[in-house]
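Worksheet: one structure, shown below.
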Amino acid sequence: MYVVSSVTCPFCGCCCDDVEVIVENNRVFDVRNACALGASKFMGYNEHRNTKPLIRKNGELVEASLEETIERCAEVLANAQYPLLYGWSNTSCEAIRVGLELAEEVGGIIDNTTTVCHGPSILAIQDVGIPGCTLGQIRHRADLIIYWGCNPWSAHPRHIERYTALSEGRFQKAIWKRYLSRLILESARKKRYRVASLAFKGGAATLLAEEERWIVPPPEERKMVVIDVRRTRTADLADMFIKVKPGGDYDVLQALRALIRDEELDVNEVAGIPVEKLEELADLMVNAKFGVIFFGLGLTMSVGKLRNVEAAIKLTRDLNMYTKFLIMPMRGHFNVTGANVVFTWQTGYPYAVDFSHGYPRYNPGETSAIDVLSRGDADAALVIASDPVSSFPRRAVENLVKNPLIVIDPCLSPTALMADVVIPSAFVGIEAEGTTYRMDHVPLPLKKVVDPPQGVLTDEEILQRILRKVREIKSKSSSS
Amino acid sequence: MMELTLITGRTVEQGCTKEYAKISDEYMMSVTICEMNAEDMKRLGVKDGGNVKISTDVGSIVVKAVTSRRIRTPGIIFIPFGPWVNAILPADTEGTGMPPLKGFKVRVEPTDEPILTIKDLLLKIYGKK
């Protein structure tokens, strides 16, 4: 038994690089420092594993040799008019680089999972830019942390502990004590609420109103604000929680832009939030020494999409007239930022790249995976390190599965169950090394802590073999 | 039947079980739930743990209704990301590449129909498994 230290977690965009994995007989025995999500990946990755290449014959997926599956993949891609190559955010930058070469070779569309997470954020950033920094700066200096439309407690469980309010920075202290005392008070309040609801009618309502009170922390202490449509677990940690009506984020962001310029609002509330509360928030923002807004899919997936993000960036820009303020998207998959980076350095565009003209074209809404599939344009697809059957809308999935579908994935995902060819691959960050980019664009090395099962190759090797085969087929057809 | 606003998103349970295996019962149990406000459940006549049918113009799914103390105002329901909820999502991206995954209107009604397993769901909707 031995310990592999400083392992980068291959789960979310936090890419925590302090994970320790205990290995025994080439199996992960235990994992330390990881959150529930990361630990679940390290401990459970081998439980429901597919290690055999599969090909669909007579409607059933049956075992085949690796050579046969790679040859079939190459034939499908080489013969397709407009293949879609989708996924990429759960694999290494090295594999993504080969994938882009393959997309160019077959003249297809290549898109990553950005398209269904922070695609609108990228469109907004391309319009208005983004004032950003690394998470280390935020950990040490930020005295106002705003989580807008995101729930790191559930999606990025160590984000608050490692980089923001609960982290011990050089110039800012963690708010653990304040959080714990609030937790005790909240627990007492709930007990009173339960007793009051049992004892007399109306008592419960009085005590419910009590929760809306906000106790202002001392000015020198770090503060955390959560803005969301529902009271998430992250909101329980916050000093101030603001509940916005679904679809009301754009209104609230523009209202805040007006308030920080000392303009009066002629309404009593904006998207369900009393103006007094927004004024309090505007004061807090203007008086912060170093503020940061982390935003999630609550802005990108709801009505307004890129315009919500654009308004949030413009609010940040406006705040920089008074103080230092930054903004950062909460990226989901561990290497979705890397996918954007590699796509950009190879093609000039971060996602939704179309090679069908022989050169890279980019027009999200037209060249993005869901639009290509919904229109029924793609005539074949290669899905790698992703599960679009679980994350795409129905019409897109219907068109994805009716054409030849190749899946390269370590697990038998719902997409793999629908595929015509399935090639098992090694888990990047557990069984294969590589490079990943954290959500703040810091590149980190992924470690190989155990060997992959016999005969199982890495994504990069599989893609290189497919690429070689495609080139062979193309050179044969051009010479004949 | 009631018209409510659907929010989809991640939960810790969904995140953990998706890494364990998406074809497992654990994953199915973590994503075939519909977190609802207690008042909405009362008005709908559905009990905690009872099945509800969620419908849009795209299609319908059956999931289990769960009382949520996180949804404190009526009118909103929450279903974790997964193939079940995606089967009723519209694909219109309004030229952005992103479908509307949060904050769209759905019809909710109590039902006795069972929740489909992942293989049955794929077979019913897409004709393959």
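Results, tabulated for the structure shown:
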item	result
Test item: A:364-372 mean partner chain Cβ contacts at 10 Å	4
Net dipole in debye of region A:439-480 [+1 Lys, Arg Cβ; -1 Asp, Glu Cβ; about Cα centre; nearest 20]	340 debye
Lys, Arg +1 and Asp, Glu -1 on Cβ, resulting dipole of chain A about Cα centre, debye, nearest 20	1180 debye
Region A:319-459: translational diffusion in µm²/s, Stokes-Einstein, Kirkwood Rh over Cα pairs, 10 °C, 1.306 mPa s	92 µm²/s
Approximate spin-label separation residue B:26-residue A:357, in nm, with each point projected 7 Å along Cα-to-Cβ	4.9 nm
Long-range amide H partners of residue A:270 with built H, under 5 Å	A:275
From the C-alpha gyration tensor of region A:370-431, square roots of 5λ in Å	22, 11, 9
Loop GluC sites (Glu not before Pro), region A:229-333, which have at most 11 other Cβ atoms in a 10 Å radius of their Cβ (DSSP)	A:263, A:264
Formal net charge of residues neighbouring residue A:9 (Cβ-Cβ distance under 12 Å; K, R +1; D, E -1)	+2
Karplus-derived 3J(HN,Hα), 6.51/-1.76/1.60, for each residue of region A:13-21, Hz, glycine and proline x	x, 5, 6, 4, 10, 10, 6, 10, 10
Taking chain A and dividing mean pair separation by its residue count, relative contact order in percent (alpha carbons under 8 Å, at least six apart)	26 percent
Sites residue A:101 and residue B:113 - FRET efficiency at Förster radius 60 Å, r taken between beta-carbons, to 0.05	0.80
Normalised contact order of region A:396-480, rounded percent, pairs of Cα under 8 Å and 6 or more residues apart	21 percent
Shielding score for A:418-424, defined as the mean number of other chain Cβ atoms within 10 Å	1
Computed Kirkwood radius, in angstrom, where 1/r is averaged over Cα pairs of chain A	24.2 Å
Cα-centred dipole magnitude for region B:2-126, charges only on beta-carbon of K, R (+1) and D, E (-1), debye, nearest 20	240 debye
Count of Lys pairs (Cα-Cα under 16 Å; at least 8 positions apart or interchain) in region B:2-126	8
Computed label-point distance, nm, for sites residue A:254 and residue A:477 using a 7 Å Cα→Cβ extension	5.1 nm
Gain in span if fully extended, residue A:183 to residue A:170, counting 0.36 nm per residue against the direct Cα distance	2.1 nm
Where only C-alpha atoms are counted, convex hull volume of region B:2-126 per residue in Å³	110 Å³
FRET efficiency, residue A:344 to residue A:442 (Cβ-Cβ, R0 22 Å, nearest 0.05)	0.85
Label-point gap, in nm, between residue A:25 and residue A:468 - each point 7 angstrom along Cα→Cβ	3.5 nm
FRET efficiency, residue A:195 to residue A:216 (Cβ-Cβ, R0 25 Å, nearest 0.05)	0.30
MRE, 222 nm, helices only [DSSP H, n ≥ 4, -39500 (n - 2.57), over the protein assembly as shown, to nearest 500]	-11000 deg cm²/dmol
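Throughout, read-outs are computed from the coordinates displayed, never taken from laboratory work. Just so we're clear, the structure is a prediction, and the values are computed from it rather than from any experiment. Note: ideal-geometry Cβ built from the backbone for every residue, glycine included; neighbour counts use all protein chains shown.
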